[in-house]
1. Which residue pairs have Cβ atoms closer than 9 Å, lie 6 or more positions apart in sequence or on different chains, and pair a first residue in segment 615-627 that is of a type in the set (D, E, K, R) with a second residue that is open to solvent by 40 Å² or more (accessible area, probe 1.4 Å)?
2. Among the residues of segment 92-105, write down those that are in contact with an Asp or Glu (Cβ under 9 Å, 6 or more places away or on another chain), open to solvent by less than 30 Å² (accessible area, probe 1.4 Å) and within 14 Å of Leu76 (Cβ to Cβ).
3. Which residues, counting only those in segment 297-330, are among the acidic types (Asp, Glu) and either open to solvent by less than 80 Å² (accessible area, probe 1.4 Å) or at pLDDT 90 or above (or both)?
4. Which of the residues spanning segment 792-821 are of a type in the set (Val, Ile, Thr) and surrounded by 13 or more Cβ atoms within 10 Å (Cβ to Cβ)?
5. Please specify each residue of segment 251-277 satisfying the condition of being touching a strand residue (DSSP E or B) at 6+ places or on another chain (Cβ under 6 Å) and modelled with pLDDT of 90 or more.
6. What tally of residues in segment 345-377 results from selecting those that are basic (Lys, Arg) and free of Cβ contacts under 8 Å to residues at least 12 places away in the same chain?
7. Every residue in segment 249-258 that is open to solvent by 60 Å² or more (accessible area, probe 1.4 Å) and outside any loop (DSSP other than H, G, I, E, B), please.
8. For the condition under 17 Å from Glu268 (Cβ atoms) and not in a helix (DSSP H, G or I), what is the one hit in Ala397, Ala408, Ala386?
Amino acid sequence: MRVSYNWLQELVDVSSLSPVALAERLTMAGFEVEGIEDRRTWADGVVVGKILTAERHPDADRLQVCTVEIGAAEPLQIVCGAPNARAGLYVAVATVGTYLPVVDLKLRPTKLRGVRSEGMICSLAELGLAKESAGIHEFETPHPLGVDVRPILGLEEVILDVTSTANRADALSMVGIAREVAAFLGQTVCLPLAKVTAIAPTAHELTVNDLVVTVGIEDSRACPAYMGTLIEGVAIAPSPEWLQRRLVAAGMRPINNVVDVTNYVLLEWGQPLHAFDAQKLLRGSGDGMDPADQVDRVGRLDQLDVGVRLARAGETLHTLDDQVRTLTGHNLVITAADRPVAIAGVMGGVATEVSATTVDIFLEAALFDRVVVRRSARSQGLRTEASARYERGVNQAGLEVASAKAVALLGELAGGVVRSQVVVDHRPTTRRQIELRLERVWQILGEVAIGDGMGYLSEQEVEATLAALAFDLERLGTAGGDLDIRWRVTVPPFREGDIEREIDLIEEIARIYGYDRFCETLPQRTEFGYLSLEQEVTRSLRATLRGAGFTETLQMSLCAPNGSGQVLLNNPLAVEYGALRNNLLDGLIQACAYNLNQGNGLLWGFELGRVFGLDEGGSYEVDHLGGIFGGDRTLGSWQHQTQPLNWYEAKGVLETVFTSLNLPVEYQPDQKDHRFHPGRTASLWMAGERLGTFGELHPQLRAEQGLPDAIYAFELELDVLIEAITSQEIVRFQPYSTYPRSDRDLAFFASPKIAVADIYRIIRRMGGVLLTTVELIDEYRGEHVPEGMRSLAFRMVYQAGDRTLTDADIQPIHQQIREALVEHFQVILRS
């Protein structure tokens, strides 16, 4: 909000603070000042002058040589190109040495087409008071020559661009800012109340001079209160200069005295108002009627039905921004004769706007629910000064004050006379009360600077601070000493939108007392920063995957709904982002396909990310590790031969990662995940706990995504992986044996249903400490192999660290392994 320093001075004494100092205090109180616009510098050195003569330039058709008197000993000679320059005008003259910051120009004596020029006659654009000007500014009335033009043009002003947080609706008004300033300065606010007698309101319906006025509200939660005032005999005219200047300084465009009054009250009190042309309202918005049937006075019609309801499907409204808008069920509308005439709290309609022919007006002052207005404005893509305040929540008790101020100004500036006022009021009658404990204040705020020392805030300081913000305090108890001091705090109506809990009151105390007065405290003992064990393991895991040729990816946690078990969003940005992902693999497959389509080759990528889901116990979230790789690594080589990665090579890539991390992982056949090839998929296990899934993508899925052959993927439980790594014993160095090793091969026929991992487990267990290595060296299916069997060959290495092994050492162990395989798996031995 743009805050006028001079206007603020009328509400609270800020003479002790310069604009810069005021900006610093507001910022410390939680209202960031983004900029200071010092208009006093725009015309420093510009004075009132009178053009004595204006003659054509001898060498230029569009220039005039003017003699200008500014009260000095000699008149100035100024060359001017404005078409409206003529003798007898009182004008604004920038003298030599003046700097005009708006146009970045410093005046120096110069010659224009050979004629000396000693200054410049200014337009409003050159003084920052207009975007464009057709000519120089003409003062309507004579002024003393040589006097400063700034008081005349309203340039003795400083504007502070103040930003308030979303919960501070009261700060979007001059009165609200004045209350804050008064609180931290210890001043009293001079509220700009209306100097008129109160109007006796009538509820729901009234009859005045045969005119029946009714107000109907469909939903009292959407519109808790509505106040309509009939004012007759207004004379539409431009607003006085002081009012126009204040609106312009606030960033608003003056329109006419009626509309300008509603905008002025909006800026002053933060209560949006809207003025309807009462004659058009009486005609049910004035659309589609024969002009011969329209009358020109309120008193000649006998029924004015005003309503507040949600729009119906198919209704339209021509709004003041000259747009014909199709209304939806989200739009709360004001109706006349059940026809929409305004979007409540957002924008009025063209059909009932105040125009030059308006004689009688219906002034609306209402409260609308913040959620309803926000939804309504968003559905139409609108954001106005009114909606910005309603969305944050306006003062529930400020309706009457703002309406009375507008009525008084309309009577003063437009000659309007109040005929009647109708009020529908469903506002709560009770005020919010919160209990505040002094002990809790101390716990949250700690020690603060008090005088030359440090200490805790006393109860008197707490009471004074909150009282300065218009909170009412009632002391509850002190029986237990200072630690038992409590208050019942009554929240003022204009702060009920953001003060809800005890901590909110403590924040108010901190703001007003001053964050800069809090003591700087350091921990008694500092520690060096370090990574947790989980962070170290995760970094090591990332480095290992990069070393294996993978690139880390990072994807959104949002995805399209694709089945049960997903956490769905209530208000998604788009349909394709309507749920939280429950796996990493889907995103990696899409990333791989996109990477390939962009000509970047096949993605070897991994991701560490969180997945979400639903089960019997409710929602859950866990961390996963996913990866995708495969294809033909030789693609693009000049010696290229098609060599797509086979199953064993892909398994070897993953085994490299597990071996680097010293993880013993077992592979078991798996066919549960439909995204994987049913015969080339394995579940991964560690110490009897499932780690995840690894396999080749299903051919149908590859075809749908446009992926080549031999694409492999895995998805692992990151918590299981980290737990396995962190629970390992410290690896101790074992010296290499200096004695020779002995290799033995073992071949046999076995059923394909027997997992090699199970065979490994039995061989390891029976081999004991002398068996150092077991490796599958051959698998064969075909001729000379019994039907329903496959031929497997293992190489086993026996070695000891203290001696050379003999057949007497090896043979019994080797025979135990053979017998165990026959007993457990009914294999047929070949060697």
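The values are calculated or read from the model by the stated rules, or taken from the named source; none is laboratory data. Nothing here was measured: the structure is a model prediction, and the numbers come from that model. Ideal geometry is used to build each Cβ from the backbone, glycine not excepted, and the neighbour counts take in all protein chains shown. When the accessible area is computed, the model is the full protein with side chains, heavy atoms only, and any ligands, DNA or RNA have been set aside. Shrake-Rupley method; radii C 1.70, N 1.55, O 1.52, S 1.80 Å.
1. Glu621/Arg610; Asp623/Arg610; Asp623/Glu717; Asp623/Asp719
2. Ala92, Ala94, Thr98
3. Matches in segment 297-330: Asp305, Glu315, Asp321, Asp322.
4. If the condition is that a residue be of a type in the set (Val, Ile, Thr) and surrounded by 13 or more Cβ atoms within 10 Å (Cβ to Cβ), then Val797, Thr804, Ile810, Ile813, Ile817 are the ones that fit.
5. Result: Val258, Thr262, Val265, Leu273, His274, Ala275, Phe276.
6. Residues in segment 345-377 being basic (Lys, Arg) and free of Cβ contacts under 8 Å to residues at least 12 places away in the same chain: 0 in total.
7. Once the filter is applied, which keeps residues that are open to solvent by 60 Å² or more (accessible area, probe 1.4 Å) and outside any loop (DSSP other than H, G, I, E, B), segment 249-258 yields nothing.
8. Only one candidate qualifies: Ala397.
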